[in-house]
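Asker: If you scroll down you'll find the structure; I have some questions about it.
The values are calculated or read from the model by the stated rules, or taken from the named source; none is laboratory data. Everything quoted here is computed from the prediction, not taken from an experiment. Note: ideal-geometry Cβ built from the backbone for every residue, glycine included; neighbour counts use all protein chains shown.
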Amino acid sequence: MNHVAQSRRDVLRGLAWISPWAIGFLVFLAAPILLSLWYSLTDYTLIERPVWLGLANYRELFADSTFITAVRNTLLFSTLYAAASTVLSLALALLLEQRLRGSALVRAIVFLPTTVPIVSACVTWMWLFNPDFGLINSALHVTGIDGPNWLGDRDWALPSLALMSLWVVGGPLLVCSAALRDVPGTLYEAASLDGVSTIGRFHHITLPMISPALFFNTVMAVIWSVQLFAPPLIMTPRGMEDATTTCSLFIYTNAFFYGRMGYACAAAWLQIAATIALVCTVLALGRKFIYYRAG
């Protein structure tokens, strides 16, 4: 009996220790998630009581041209950013792992933008993208190239946001650098003895050995990019909203500008479902191309 009583006291003591986290989880995460699911099935304006609609919000979303445009823009941005971020982080990591003088300083400088608040970064890039006085177009003009109206041209607005997002490539760069340092040097020595070229060593040794890191960066890039919100909200000029509207921006606009919280919640749940589907697709493809070392 004493042993049973002691076990019960240990359980109660453990529950007491984790109760702050459990209460916070229920109040600030679980409850809002369940409420948003309920609101997605209602007509809710934040002022009046929710009115049950069933799946009407979801049916309306599939016929909403603005939402379809937002989905298309989000998928395009996600594709551009995930591909460019993975390639750029790998290229920079390969360059910095050559043990060149000052590589540690360059690595710190590349990582530094990740600490800059997103609003400050957006304001800075708006100046860089300025078609008349921006640094980018000024540099292009010196070489005889007329730079585009980056944020004011419908064909360039979304790629400009993807280019701006590459500024925070420091995180993926560190992951790639760590993976490159983990590749056994004996593999390169054996390849050199067999007369394998530099390109051959990169293709047959480096890429397979660091493929889990590249895969991780790709998955994280997809998850982050489908949530793009602040850059299009801050940087999109008036009249260009449809060119850079993303799912997150569509949800925000409907919830807080038009007062359609139920409709916005339905769009948010579709965004969650789409994100899960994209990640599952990437994971399924990863099983075919990713090499994992035993042990």
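Asker: I'd like the residue in the stretch 220-248 that is over 21 Å from I272 (Cβ atoms) and β-branched (V, I, T) and, out of all such residues, is surrounded by the most Cβ atoms within 10 Å (Cβ to Cβ).
Answerer: T244
Asker: Let me ask you something else. Could you count how many residues in the stretch 229-266 are touching an Asp or Glu at 6+ places or on another chain (Cβ under 9 Å) and at pLDDT below 90?
Answerer: Qualifying residue count, the stretch 229-266: 2.
Asker: Among the candidates I199, I205, which residue alone is free of Cβ contacts under 8 Å to residues at least 24 places away in the same chain, assigned by TED's automatic domain parsing to the domain that holds A274 and surrounded by fewer than 16 Cβ atoms within 10 Å (Cβ to Cβ)?
Answerer: So the residue among I199, I205 that is free of Cβ contacts under 8 Å to residues at least 24 places away in the same chain, assigned by TED's automatic domain parsing to the domain that holds A274 and surrounded by fewer than 16 Cβ atoms within 10 Å (Cβ to Cβ) is I199.
Asker: Turning to a different aspect of this structure: Please state which one of L95, L34 is farther than 25 Å from T245 by Cβ and not assigned by TED's automatic domain parsing to the domain that holds A255.
Answerer: Working: L95 fails: not assigned by TED's automatic domain parsing to the domain that holds A255.
Testing whether each residue is farther than 25 Å from T245 by Cβ and not assigned by TED's automatic domain parsing to the domain that holds A255 leaves just L34.
Asker: Moving to a separate point now. When you check T79 against the structure, is it outside any helix (DSSP H, G or I) and surrounded by 10 or more Cβ atoms within 10 Å (Cβ to Cβ), yes or no?
Answerer: No: the conditions fail for T79.
Asker: Filter the stretch 61-75 for residues that are exposed (fewer than 15 other Cβ atoms within 10 Å of the Cβ) and part of a helix (DSSP H, G or I) and give the result.
Answerer: Of everything in the stretch 61-75, those that are exposed (fewer than 15 other Cβ atoms within 10 Å of the Cβ) and part of a helix (DSSP H, G or I) turn out to be F62, S65, T66, I68, R72.
So that you can scan it fast, the table gives a plain yes or no per residue for (1) part of a helix (DSSP H, G or I); (2) at pLDDT below 90; (3) within 24 Å of L285 (Cβ to Cβ); (4) among the charged types (D, E, K, R):
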{"position": "L161", "(1), (2), (3), (4)": "yes, no, no, no"}
{"position": "C176", "(1), (2), (3), (4)": "yes, no, yes, no"}
{"position": "A191", "(1), (2), (3), (4)": "yes, yes, no, no"}
{"position": "G195", "(1), (2), (3), (4)": "no, yes, no, no"}
{"position": "H204", "(1), (2), (3), (4)": "yes, yes, yes, no"}
{"position": "P208", "(1), (2), (3), (4)": "yes, yes, yes, no"}
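Asker: For residues that are in a helix (DSSP H, G or I) and either of a type in the set (G, A, S) or more than 19 Å from Y252 (Cα to Cα) (or both), tally how many sit in the stretch 29-58.
Answerer: So in the stretch 29-58, the residues in a helix (DSSP H, G or I) come out as 29-39, 56-58.
Cutting the leftovers down to either of a type in the set (G, A, S) or more than 19 Å from Y252 (Cα to Cα) (or both) gives us 30-31, 36, 56.
So the answer is 4.
Asker: Further question: Is it the case, given these coordinates, that I290 is buried (at least 20 other Cβ atoms within 10 Å of the Cβ), out of contact with any Leu (no Cβ under 8 Å at 6 or more places or on another chain) and among the hydrophobic types (A, V, I, L, M, F, W, C)?
Answerer: no
Asker: Is it fair to say Y263 is touching a strand residue (DSSP E or B) at 6+ places or on another chain (Cβ under 9 Å), in the same structural domain as A162 (by TED's automatic domain parsing) and more than 30 Å from A91 (Cβ to Cβ)?
Answerer: When the stated conditions are applied, Y263 passes them.
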